[in-house]
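A short worksheet on the structure shown next.
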Amino acid sequence: MRQSLLLRLLCGAALAASIALTGPLAAFAEEKPAAAAAEEKPFDPANVNTFSGAFLAARTADFDKDYKTAVALYKIALQFDPTNSDVKQRLMVTHLMNGDFEEGVKFADALKNDPAVERITSVVRGMEAIRKREYKSAEKILAYSGPNDLDRMMNDLLLAWAKFGDGKPKEALKLISGMKGPEWLAIFKNYHAGALAAAAGDKVTARARLNDAILDRNGASAAPDTFLRAVMALARLEAREGNKQKALDAISVGDNFIASYAPLKALRQSIEAGEKQEQQVRTAAQGAAAVLFSIGGALNREGAEDIVSLYLQTARALDPDSDDVLVLLGGLAESEKNPEKAIEYYRAVPEKSPMRRISELQLGINLADTGKVKDAETHLQELIDADPSDLRSYLALGSVLSEAKDYKAMASLYDKAVAAIGAVPARNHWSIFFQRGIAYERLKEWDKAEPNFRKALELNPDQPQVLNYLGYSWVDMNLNLDEGLDMIRKAVSLKPDDGYIVDSLGWAYFRLNRFQDAVAELERAAELKAGDPTINDHLGDAYWRVGRKLEATFQWNRALGLNPEEAEIPKIKLKIENGLPELKKTDPASAEAKEDKPAENTSPESKAADRKS
């Protein structure tokens, strides 16, 4: 079963509901969102002197993922109304989201009989009992008889690790083996049984269960983070037993699932060097943390950030040095547009961790996102110098150079990356050639750009980004029109919900004077990416050409309000004032038609390609 179903299962559980604001205050929190959002600065807690002011400000900070501020403001709200259970619930959750586990536990204890947050309080209190080695208390707290498969699995696995901590590994393994549920349960059962057996010294059971985990292809797709943990656990087990080749064979299974994964590469090098291997999970606390990591990793996708963050922060409280937990938390901070927080997580990854290089790469990208572009470039270049064969380092630095519009340096960088690949590139090297093509296209050196796009497609023929980019470029230059349009259509068929690619198809139709077709596609693109200025600008142009001039002006004004690129602002203003010039009866790529197009290839997909890695 796929990850999306796991997410639906959790979102149907009480735990997911309790993370959202509920109760009588929920409606009040929504009364004046615009007023709260209009504040340019968050409330200074010292200046808040009413319950409503504190609560609304806390809710705004909460919504913006500013949990530190939210905690301070919910505390003030609670001072005005000390018995308000809704505020206590939010304060508990924001404490946990902010990494303040011990403070969150205090509220979990106080709210343990509140059915609205029972799933959170039982997990948090159970984890705290395991952390304090109060294993019998943990077993009582974590007993679960509800209907939700995912909740039942989580509690059973946590119970198993509590039994392990209580010196009952056989009972723990029996509990895991007896777990019933859907097909997707297998990857979690096998990994945790294997990890628990390894921690208990039962090498035979550990080897068997971890082997089952890494051979579970469906499970690997549903829970890739747990699958990779199983691969690394089995490799460490075999290496520690002196079975170097079996250890390397296990890593090869992981390599076949995800190529060039830095932690697997680092572990391979460590095993080949004969270094002593230690399991990642050795204690009950680490095992319990691994349960929440497993579920959080499987659910880690757009729309589940709060749930995933709650799990990972709780896991971190029990296993503070867990490298993969820190990396996932860093990724969540990135998705929340908080590069400073992401950098904190990446810097916390232990120096000797096999995930250290991943954290360093992401740290470099986030340095650029904080405005420290030169520091980012220096940092990432040092990573390339340390290991010129790691192609992701080139992609990371290339994304920074692209964002800085330093296309000359970007092209030079990818020339070196192609040299590092050697004479026989693999399928997964398509992105190197694609990015090199983008660099040369931006430098207006099409004779160098086109062969790279073609090479990228040769390596990965169904790659929608490359199909879209090359197809659009041809149409834009009045070259290979039929083939170019077919490429864009194929890209849309591969990613029909990608607003940027749909926009490219619409804009290609526009460039070919097929204005009605352009309107149809650009309207769909605008629905998919409603807040993109370029798409709205394109739709305005298409409306104008089919005579819908009032709607065209509306779209141009909308584009202007969506912060377009500086160079496009005067062009949009000119169109708002004068409309588009009359179209001469010439071929679609005439000079007159070209006047309708922004300078350079600025389709949204073209711009979005800068940061692909």
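If I ask for residues that are among the charged types (D, E, K, R) and either assigned to a loop (DSSP other than H, G, I, E, B) or surrounded by fewer than 18 Cβ atoms within 10 Å (Cβ to Cβ) (or both), which ones from segment 345-365 would you list? Working first, answer last.
Here is the first cut: in segment 345-365, the residues among the charged types (D, E, K, R) are 347, 351-352, 356-357, 360.
If the condition is that a residue be among the charged types (D, E, K, R) and either assigned to a loop (DSSP other than H, G, I, E, B) or surrounded by fewer than 18 Cβ atoms within 10 Å (Cβ to Cβ) (or both), then Arg347, Glu351, Lys352 are the ones that fit.
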Within segment 304-322, which residues are in a helix (DSSP H, G or I), farther than 17 Å from Gln279 by Cβ and small (Gly, Ala, Ser)? Ser309, Ala317
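Working only within segment 415-444, note down all residues that are among the charged types (D, E, K, R), surrounded by fewer than 17 Cβ atoms within 10 Å (Cβ to Cβ) and either farther than 16 Å from Leu457 by Cβ or in contact with a Phe, Trp or Tyr (Cβ under 8 Å, 6 or more places away or on another chain) (or both).
Just the residues of segment 415-444 that are among the charged types (D, E, K, R), to begin with: 415-416, 427, 436, 441-442, 444.
Adding the requirement that they be surrounded by fewer than 17 Cβ atoms within 10 Å (Cβ to Cβ) leaves 415-416, 427, 444.
Within segment 415-444, Asp415, Lys416, Lys444 qualify.
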Residue that is among the basic types (Lys, Arg) and at pLDDT 95 or above, where the choices are Lys136, Lys180: Lys136
Pick from Ser412, Ser389: which is among the polar types (S, T, N, Q), surrounded by fewer than 16 Cβ atoms within 10 Å (Cβ to Cβ) and at pLDDT 95 or above? Ser412
Counting only residues in segment 553-572 that are assigned to a helix (DSSP H, G or I) and of a type in the set (D, E, K, R), the one farthest from His538 (Cα to Cα) is identified as Glu566
Restricting the first residue to segment 126-143 and requiring it to be without any contact (Cβ under 8 Å) to a residue 12 or more places away in the chain, which pairs with a second residue that is crowded, with 16+ Cβ neighbours inside 10 Å meet a Cβ separation below 7 Å and a spacing of at least six or different chains? Ser137/Ala129
If you go through segment 527-541 one residue at a time, how many are in contact (Cβ under 8 Å) with a residue 60 or more places away in the chain and small (Gly, Ala, Ser)? 0
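Provide a single number: the residues in segment 428-458 that are touching a residue at least 40 places away in the same chain (Cβ under 8 Å) and farther than 19 Å from Leu401 by Cα. Walk me through how you get there before you give the answer.
Kept after step one, since they are touching a residue at least 40 places away in the same chain (Cβ under 8 Å), are these residues of segment 428-458: 428, 431-432, 434-435, 438-439, 441-442.
Filter again for farther than 19 Å from Leu401 by Cα, leaving 428.
Total meeting the criteria: 1.
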Looking only at segment 472-487, decide whether some residue is assigned to a helix (DSSP H, G or I), under 23 Å from Ile384 (Cβ atoms) and without any contact (Cβ under 8 Å) to a residue 60 or more places away in the chain. no
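When residues of segment 161-185 are filtered for being part of a loop (DSSP other than H, G, I, E, B) and either polar (S, T, N, Q) or surrounded by 13 or more Cβ atoms within 10 Å (Cβ to Cβ) (or both), how many remain? Steps first, answer last, please.
Narrowing segment 161-185 to residues part of a loop (DSSP other than H, G, I, E, B): 166-168, 178-184.
Going one step further and asking which of them are either polar (S, T, N, Q) or surrounded by 13 or more Cβ atoms within 10 Å (Cβ to Cβ) (or both), we end up with 166, 168, 179, 181-182, 184.
Total meeting the criteria: 6.
Give the residues of segment 446-504 that are of a type in the set (D, E, K, R) and either at pLDDT below 95 or more than 18 Å from His429 (Cα to Cα) (or both), sorted by residue number. Talk me through it step by step, then tell me what you get.
First, the residues of segment 446-504 that are of a type in the set (D, E, K, R): 447-448, 450, 454-455, 458, 462, 476, 482-483, 486, 489-490, 495, 497-498, 503.
Scanning segment 446-504 gives Asp447, Asp476, Asp482, Glu483, Asp486, Arg489, Lys490, Lys495, Asp497, Asp498, Asp503.
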Qualifying position, being under 21 Å from Val492 (Cβ atoms) and at pLDDT below 95, among Arg511, Arg524: Arg511
For segment 142-160, enumerate the residues that are under 13 Å from Val123 (Cβ atoms), assigned to a helix (DSSP H, G or I) and not aliphatic (A, V, I, L, M). Asp151, Arg152, Asn155, Asp156
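Does any residue of segment 382-393 turn out to be part of a helix (DSSP H, G or I), in contact (Cβ under 8 Å) with a residue 40 or more places away in the chain and assigned by TED's automatic domain parsing to the domain that holds Glu450? Full working, then the answer.
Initially, segment 382-393 is screened for residues part of a helix (DSSP H, G or I), giving 382-386, 391-393.
Those still in the list that are in contact (Cβ under 8 Å) with a residue 40 or more places away in the chain too: 391-392.
If we keep only those that are assigned by TED's automatic domain parsing to the domain that holds Glu450 as well, we get 391-392.
Yes, the conditions are met somewhere in segment 382-393.
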Every pair of residues 6+ apart whose Cβ atoms lie under 7 Å, when the first sits in segment 275-303 and is under 23 Å from Lys352 (Cβ atoms) while the second is of a type in the set (Phe, Trp, Tyr): Gly287/Trp161; Gly287/Phe164
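Have a look at Ala342, Ala368, Ala333 and point out the one that is modelled with pLDDT of 95 or more, buried (at least 19 other Cβ atoms within 10 Å of the Cβ) and either more than 28 Å from Lys416 (Cα to Cα) or among the basic types (Lys, Arg) (or both). Let's see the steps before the verdict.
Numbers: Ala368 fails: either more than 28 Å from Lys416 (Cα to Cα) or among the basic types (Lys, Arg) (or both); Ala333 fails: modelled with pLDDT of 95 or more.
The match here is Ala342.
Examine segment 349-360 for a residue that is in the same structural domain as Asn452 (by TED's automatic domain parsing), more than 19 Å from the chain's Cα centre (by Cα) and more than 24 Å from Ala567 (Cα to Cα), and state whether such a residue exists. First the steps, then the outcome.
At the first step, the residues of segment 349-360 found to be in the same structural domain as Asn452 (by TED's automatic domain parsing) are none.
No, segment 349-360 contains no residue that is in the same structural domain as Asn452 (by TED's automatic domain parsing), more than 19 Å from the chain's Cα centre (by Cα) and more than 24 Å from Ala567 (Cα to Cα).
The values are calculated or read from the model by the stated rules, or taken from the named source; none is laboratory data. On a predicted model such as this, the values are computed, not experimentally measured, just so you know. For neighbour counting, all protein chains shown are included, and Cβ atoms are generated from backbone atoms with ideal geometry for every residue, glycine included.
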